[in-house]
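Worksheet for the structure shown next.
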Amino acid sequence: MYTIAVSNQKGGVGKTTSVANLAAGFARRGLRVLALDADPQGSLTLSLGLDPMEVTTTVGDSMLHGTPLPVVATEVPGLDLCPSNRFLADIEPQLMARIGRERFLVRVLHAVRYRYNYVFLDTPPTLGLLTLNCLAAANALLVPVIPALLSAAGLRDLLATIEEVREGINPDLRLAGVFITFADPRTVAGREKEAELREDLGTLVMKATIGRRVAHEYSAQAGLPVVVQDPTSTAAREYLALAEEALERVRAK
Ligand SMILES: Nc1ncnc2c1ncn2[C@@H]1O[C@H](COP(=O)(O)OP(=O)(O)OP(=O)(O)O)[C@@H](O)[C@H]1O
Ligand SMILES: [Mg+2]
C-alpha cells in the first residue's frame, strides 16, 4: 500500500477535485484504491456520491477509538471511500490532549494495508491535526497550485512547511510533485505565471496541467468524477494524464 496526500493550506485550489479524479483514474487502471476524506467539509464525500449528512462514522472515530476504518464502495469499480462530515472537526481538540497526536492515522491505515494498492488523502485547507495526521501517514505528497494566486513568498512558505513536516513528523515524506490547476493559458498573465513556476521549481512541477473547466463543478454536484462520468472530455483527459504521470512518479521512488 502506498499513501498519497493531496495537500495545500490554501483553500479552493482543487485538492478535492484532484483526489476524486486521481483516485478514480488509478482505479480505472485496475488498482485497488481508497479515497479518504480527512476534511470536515465533506467535499470529497459529496464528490464521490455520498451525502455527508447521512454519514455516521468517519476516520475520526477510528483515530480516537481504534475502531475499523469506515469504508464504502463507490460507483467506481475498485474505488472505496472513507467518508466524512462536519463532526470530524470535533476530533482535533480531542487529539490535542493525546500523546503522539500526529500519529493516529498512521495506525488506522496500517490496519488496511493489504486491502489497497493506493490510498489518497484529501486534506482540509489548514495545518491542523487532521492535515498533520495525513502528512505523517503519507508516503508522498502532491501539491495543487494555482500559479496566478501563488506568490514567491507563498511558494517559499509552502516548501518550508513541507520541510518542517519532514523534520518533525515524517522524514520519509516525499514531495512527488507540484501540479497546476485552474490553468488559464489564454491570458498572458496565466502563461507567464506558469512559466515562472516551472523555472523556479524545475522538474518538481508536473507536465500535466489541469485547466479551468466547468465540467468539474457539475461533476462534483453529480457525485461522479469527470474521468468516470465523461472520460473522453478534455477535463477528463487532463486528469487521466495527471494520474499517469503521478503513477509513474510514485513508482519511480
Ligand atoms: N479545474 C477546475 N476547473 C473549474 N472548477 C474547478 C476545477 N477544479 C475544481 N473546481 C471547482 O472549484 C471549487 C474548489 O475545488 P476543490 O473543492 O477541488 O478545491 P479544494 O482545494 O479541495 O478546496 P478546499 O480548500 O475548500 O478543500 C469546487 O467548486 C470545484 O468543483
Ligand atoms: Mg477540499
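Structural remarks
- Val112 within 24 Å of Ser219 (Cα to Cα) and out of contact with any helix residue (DSSP H, G or I) (no Cβ under 6 Å at 6 or more places or on another chain): no
- For region 134-184, a residue qualifies if it is assigned to a strand (DSSP E or B), among the polar types (S, T, N, Q) and either without any contact (Cβ under 8 Å) to a residue 40 or more places away in the chain or surrounded by fewer than 16 Cβ atoms within 10 Å (Cβ to Cβ) (or both), but none of them does.
- Scanning region 201-253 for residues that are over 29 Å from Ser151 (Cα atoms) and not in a helix (DSSP H, G or I) yields Gly223, Leu224, Pro225, Asp230, Pro231, Thr232, Ser233, Ala252, Lys253.
- Number of the condition not met by Leu88 [criteria: (1) in contact (Cβ under 8 Å) with a residue 60 or more places away in the chain; (2) of a type outside the set (Gly, Ala, Ser); (3) surrounded by 15 or more Cβ atoms within 10 Å (Cβ to Cβ)]: (1)
- Across region 115-127, the qualifying residues are those that are in a loop (DSSP other than H, G, I, E, B) and within 14 Å of ligand 2 (Cβ to nearest atom), and the one among them that is surrounded by the fewest Cβ atoms within 10 Å (Cβ to Cβ) is Thr126.
- Among the residues of region 76-84, not a single one is in a loop (DSSP other than H, G, I, E, B) and modelled with pLDDT under 95.
The values are calculated or read from the model by the stated rules, or taken from the named source; none is laboratory data. The structure presented is a predicted model; accordingly, all values stated were derived computationally and were not measured. With ideal geometry, Cβ positions are generated from the backbone for all residues, glycine too; neighbour counts draw on all protein chains shown.
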